[in-house]
Each structure stands twice: as C-alpha cells, then as structure tokens.
Amino acid sequence: MNEAIKAVKAPVLGPPRWTTPLVARWGPEHAAGRFVGDDHFVRWKADIHLTHAQEVLLFEKAGARERLFFNPAQTRAAIVTCGGLSPGLNNVIRSAFLELHLNYGVPEVLGIRFGYQGLNPAEGEPPIRLTLELVEDIHREGGTVLGTSRGPQDPAVMVDFLRDRQIDILLCVGGDGTQRGAHAIAEEVRRRGMPTAVVGIPKTIDNDIEYCDPSFGFNTAVAEAQRVIDCAHAEAKGARNGIGLVKLMGRESGFIAAAATVASQEVNFVLVPEVPIVLDGERGLLATLRQRMLQRHHAVIVVAEGAGQDLFGSRTLERDASGNVRFQDIGPWLKQRILEYFQQKGPAVEVKYFDPSYLIRSVPANAQDDVLCDQFARRAVHAAMAGKTDVMVGHMAGTFALVPLAMAVGRKRRLQVQGEFWAAALAATGQPAQWT
C-alpha cells in the first residue's frame, strides 16, 4: 500500500491566550481527556485499497480546546441561519447559545434576523439578543426563530456590521451558498486584519455538502419521506391499477430519494439526478412500468426534484436568489407522460401525486437529528472560541472535523452510482440498474 498523507490545518486568528473555563466546569479530574489538541486529526475516507496508491486526507479534529483565543467574558457572538428550512435549525441555535452563554460565559449572543440580509442595515432587521427564556423550547418547533433568506450580500457591508456591532464570533448555519458567503466574510475579515472568527455549520437536507455525511436534518427528512411513500403505497393499492408518484427534494443529489426508498421497501422505481432517465423504448421506464401494472396492478415511483432535467430539452436557465438553477418541475410532467402513455397502451391507470417538499423540511428534528444538531453546534462554538476561522464543522466516519471553507464550498456530494448505497436502492426496487 502506497499512501500520501495530507494533513489539513484549520486557519486560526492567532495563538491562544486564555485558559478555557471548561476546566473549572468539568472539574480538573475529568477535563484532560475531553480536550482536543491541534495535532489530533480525522481521516476523511475510512475505507482504503491496500493495492492502490492513494492520498489520505486528514482534517483537524473538532472539539474543545484547553486554550482559547478569545476571553469569554469580553466576547460577543452572533448566529445567522440562511437558505431553505431544514429540520433542526432551532436545535442548532439553542445548543450554540447554551454552549456560549452557560459553558463559556459569553455575556451576549445575538441572533441575526432573516439570513445575511440581517448583516446589511439597509435591507435587514436589527438583531435580537438571545436569552434563556427565548431559546427554552424552540428545539420542539420546526423552522428557525431567527428567520432566513436566500441570496448574497456585499461582504464589505457585512463585515462593517460585524465591526460596528463589535461581534467577535459569527456562526453561519446553512448550505453551500451560505458557506460561500461565510468564506467571503472571512476573507474580508482577513483582508482588514480583524480578530473575528467565522465558523460554518453545514445545513442541507439534500445531504450534498462535501466533507459532511450526514448533515443535520437529513435523517428527519428521510423518516418523513418514508411516511409519505407508505401513504402513496396505500393509495396505489387502494385503486384499480393505481400508481403512487412521490416527488422528493434533491436538486443535484438523490440521497433522500434513495434512503427513503431503502427505508420504505415499498418503492418500485426510484429516479435520481445521478442516473439519466430513459422513458421510451422496450426497456425504458414507461414500458417497464406497464409490465409491472399488468403483473401486480399497482406501483410506487419516487423521483428526486432534480432528476430528468435533460428531458425538458435546451432552454434558458434561470436562477434563484441563491444562484441555484431553477429546475423544471419533473413531478407533474412525469405524471402527465405516464397518463398519456397508458391512455395509448393500456391498461387505464390512476396516478396519485404527492409533493411533500415543504412539509418535510419544516418539521421539527427527530431524536437522531436532535443529537446531531447539538454536536454540530457545540463543536462550532469550541472552534470559534479557540480562534479557528474560515472553517466549517464537517462530519466524517462518525467523527467531527474542521474543514477549511475554501475546500468545501462549490463542491457537491452525489450518489455514487457504482457504490453500495445505490445498489441497496436498486435491490429494494428491483428496477434495472441502468435504463437502456
């Protein structure tokens, strides 16, 4: 085995100057084993090939440091949530506040209103001061008490806001666009020589952020999607030649669709962005679906929102405020194509269409994500207090690490169609591995 090891250090504002108050809180007899040193690293890929030359990528382990860059008693922190909703946002806000305020003794933590707009006084609303009373029960609610928005703001304006408000730490909770914004803020902070830590907490129920598997909210989304699929299965079986068609979130990655398919075990066809859809021909989706209907008289189809975009032909691409391409709506289009095909070929079918996207992303987190949110939030606080900056908290092989934002942004995790996870989805559905 020939390995080239690359250890990636997290950017830092400067040398640590203060002893953490966690020693006193935990007790000296317990504290030593709970701290992480800057020489402790986490391996990105757990599996290795003994016969192949490969690069081993290591990231600095996330966790509490014994020495801090910031004096907690003189530190002001802020939290901002951006982009679309995801289960667990309120959990992250709550746990980050509790870690900052109760464990570190940070006197003031601000909540930035409605995403990055709140860092621009010309567009946003003033921040609110987080309190124990405000955050007490928010983890039981979906959404975010701070509000959210899409779209960038001028980094210079946002850094002016941080300077004017004397904010030392900014925790940015959001997906790839949010982390791009956090990186731009960190770069502007660095250009000015300001001692301000910017730490990202990755949020995407699509589970498509690189160096983070899974992101918080994904497990809740899969569980909610499974319930919808089971309902679609009941509707399909309850009709004569019934077809349950479920559209799930997943713009460029089919993780939710594939995982919910495996969880449900009632799906007959799962369509994801990573695998082209072939509708026509003897072995295409429509003909295969017809064989299923003639034999079993019901079927369930799950389609990710980003699947089959090539079927719409060439067009001028529009983008939303976050810079994401506005996709064509594959769900109703596919429903219509199915109905037209069976009107010509028979038998007569009933298609029951489900689009639970907003329902899924706005529910409270389940127990598994409750734990994950708490772990992400507290490790982000530990990193920021130690002066780590321009990083996000990654999750790999069950361990948390500090990933420089410059490496993480602009990269999307996608299903490996040759991998075990997609093979499990194919095994659950029995569909062809590739439409030909």
Checklist entry - Of the residues ILE167, ILE256, ILE243, ILE205, which single one is modelled with pLDDT of 95 or more and either closer than 24 Å to PHE59 by Cβ or touching a Gly at 6+ places or on another chain (Cβ under 8 Å) (or both)? => result ILE256
Checklist entry - Can you name the residue in the stretch 386-436 that is out of contact with any strand residue (DSSP E or B) (no Cβ under 7 Å at 6 or more places or on another chain) and basic (Lys, Arg) and, of all such residues, is surrounded by the fewest Cβ atoms within 10 Å (Cβ to Cβ)? => result ARG411
Checklist outcome for this item: When the stretch 174-231 is checked residue by residue, the ones that are within 28 Å of ARG43 (Cβ to Cβ) and in a loop (DSSP other than H, G, I, E, B) are GLY175, THR204, ILE205, ASP206, ASN207, ASP208, GLU210, TYR211, ASP213, PRO214, SER215, GLY217
Checklist entry - All but one of (1) closer than 20 Å to HIS395 by Cα; (2) of a type in the set (Asp, Glu); (3) at pLDDT 90 or above hold for GLU66; which doesn't? => result (1)
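Given the residues ALA46, ALA73, which is the only one that is free of Cβ contacts under 8 Å to residues at least 40 places away in the same chain, among the small types (Gly, Ala, Ser) and surrounded by fewer than 22 Cβ atoms within 10 Å (Cβ to Cβ)?
Details: ALA46 fails: free of Cβ contacts under 8 Å to residues at least 40 places away in the same chain.
Just one listed residue meets the conditions, ALA73.
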Item to check | Test result for LEU13, surrounded by 12 or more Cβ atoms within 10 Å (Cβ to Cβ), within 21 Å of PHE400 (Cα to Cα) and out of contact with any helix residue (DSSP H, G or I) (no Cβ under 8 Å at 6 or more places or on another chain) | outcome: yes
Checklist entry - Of the residues that make up the stretch 98-105, is at least one more than 18 Å from GLN179 (Cβ to Cβ) and part of a loop (DSSP other than H, G, I, E, B)? => result yes
Checklist entry - What residue, among those in the stretch 106-131 that are in contact (Cβ under 8 Å) with a residue 40 or more places away in the chain and not in a loop (DSSP other than H, G, I, E, B), is surrounded by the fewest Cβ atoms within 10 Å (Cβ to Cβ)? => result LEU110
Checklist entry - What number of residues within the stretch 259-311 satisfy the criterion of being outside any loop (DSSP other than H, G, I, E, B), closer than 27 Å to THR220 by Cα and at pLDDT below 95? => result 1
Checklist outcome for this item: Taking the stretch 280-304 and keeping residues free of Cβ contacts under 8 Å to residues at least 60 places away in the same chain and either of a type in the set (Lys, Arg) or within 25 Å of GLU252 (Cα to Cα) (or both) leaves ASP280, LEU286, LEU289, ARG290, ARG292, ARG296, ILE301, VAL303, ALA304
Checklist entry - Out of the stretch 38-70, which residues are more than 26 Å from HIS183 (Cβ to Cβ) and either part of a loop (DSSP other than H, G, I, E, B) or touching a Cys at 6+ places or on another chain (Cβ under 8 Å) (or both)? => result ALA46, ASP47, ILE48, HIS49, LEU50, THR51, HIS52, ALA53, GLU66
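May I ask you to verify whether PRO356 is under 30 Å from VAL42 (Cβ atoms), touching a helix residue (DSSP H, G or I) at 6+ places or on another chain (Cβ under 8 Å) and touching a residue at least 40 places away in the same chain (Cβ under 8 Å)? Show your work before the answer.
Numbers: under 30 Å from VAL42 (Cβ atoms): no; touching a helix residue (DSSP H, G or I) at 6+ places or on another chain (Cβ under 8 Å): yes; touching a residue at least 40 places away in the same chain (Cβ under 8 Å): yes.
Judged against the criteria, PRO356 is not a match.
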Checklist entry - How many residues are loosely packed, with under 11 Cβ neighbours inside 10 Å and in a loop (DSSP other than H, G, I, E, B) if we restrict to the stretch 22-36? => result 1
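Yes or no, residue by residue, for (1) farther than 25 Å from ARG326 by Cβ; (2) in contact (Cβ under 8 Å) with a residue 60 or more places away in the chain:
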| position | (1), (2) |
| --- | --- |
| ALA197 | yes, yes |
| ASN207 | no, yes |
| ILE229 | yes, yes |
| ALA234 | yes, no |
| GLY244 | yes, yes |
| ALA260 | no, no |
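Kindly indicate the residue of the stretch 146-164 that is out of contact with any strand residue (DSSP E or B) (no Cβ under 7 Å at 6 or more places or on another chain) and assigned to a loop (DSSP other than H, G, I, E, B) and also surrounded by the most Cβ atoms within 10 Å (Cβ to Cβ) among those meeting that condition. Give the derivation first.
The first filter runs over the stretch 146-164 and keeps only residues out of contact with any strand residue (DSSP E or B) (no Cβ under 7 Å at 6 or more places or on another chain), leaving 147, 149-161, 163-164.
With the extra rule that they be assigned to a loop (DSSP other than H, G, I, E, B), the set shrinks to 147, 149-154.
Details: GLY147: 19, SER149: 19, ARG150: 19, GLY151: 16, PRO152: 17, GLN153: 21, ASP154: 14.
The qualifying residue surrounded by the most Cβ atoms within 10 Å (Cβ to Cβ) is GLN153.
The values are calculated or read from the model by the stated rules, or taken from the named source; none is laboratory data. The model shown is predicted, which means the values in this text are computed figures rather than measured ones. Using ideal geometry, Cβ is built from the backbone for each residue, glycine included, and neighbour counts are taken over all protein chains shown.
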